[in-house]
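Have a look at the structure below before the remarks.
The values are calculated or read from the model by the stated rules, or taken from the named source; none is laboratory data. Since this is a predicted model, take the numbers as computed values, not measurements. Cβ coordinates were reconstructed from backbone atoms using ideal geometry, including for glycine residues, and neighbour counts include every protein chain displayed.
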Amino acid sequence: MVNKSRIQSNLNQIEKLYQKYMSGRRGLYFSKLAIIEACGWIEESMDNILRGYANKRLKEPKNLRSVENLIKRTYGFHYEDNFRDMLIHIIGIIKLEILEQIFDQHKFTQMTRANSGL
């Protein structure tokens, strides 16, 4: 889980460095570093929300691995392009897992074997 006090501490340290070097080029670098730091924490928080949601609802290890791989290969925190797309994927896997449990297991096994041979 994201530690709010650690985030605040990091940003406070960067702000002190920014204040110290505000007039030079380093001030610009520290302001950029603060933005990168904040964005990283936002992205990590979004990943934790999605990971927690999936872990509460998924049982199959292959589905959990699929979610983890999705989170690892998605960079950014834009709602439409990143978070929403991952959420759609995760909700879809959750619903698929529920459907697969409802299926007649004998027929489901036959279907998956038949599809594997195509």
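Worth pointing out:
- Taking residues in the stretch 80-95 that are part of a helix (DSSP H, G or I) and among the charged types (D, E, K, R), and partners anywhere that are surrounded by 13 or more Cβ atoms within 10 Å (Cβ to Cβ) and modelled with pLDDT of 95 or more, not one pair has Cβ atoms closer than 6 Å while being at least 6 places apart or on different chains.
- Count of the stretch 60-93 residues which are in contact with an Asp or Glu (Cβ under 7 Å, 6 or more places away or on another chain) and over 18 Å from residue 45 (Cβ atoms): 2
- Selection within the stretch 8-20: residues that are farther than 30 Å from residue 53 by Cα and not acidic (Asp, Glu). The member of this set that is farthest from the chain's Cα centre (by Cα) is 20.
- The residue of the stretch 1-47 that is surrounded by the most Cβ atoms within 10 Å (Cβ to Cβ), among those that are in a helix (DSSP H, G or I) and among the small types (Gly, Ala, Ser), is 34.
- Matching option when the condition is of a type in the set (D, E, K, R), more than 29 Å from residue 8 (Cα to Cα) and assigned to a helix (DSSP H, G or I), among 51, 65: 65
- The lone exception for residue 96 - which of (1) surrounded by 10 or more Cβ atoms within 10 Å (Cβ to Cβ); (2) closer than 24 Å to residue 41 by Cβ; (3) not polar (S, T, N, Q) it fails: (2)
- Only one of the listed residues (60, 68, 44) is charged (D, E, K, R) and at pLDDT below 95. That residue is 44.
- Of all residues in the stretch 74-98, exactly one satisfies the criterion of being under 19 Å from residue 63 (Cβ atoms) and small (Gly, Ala, Ser), namely 92.
- Exactly one residue out of 31, 45, 23, 5 is more than 30 Å from residue 101 (Cα to Cα) and under 9 Å from the mean Cα position of the chain (by Cα), and it is 45.
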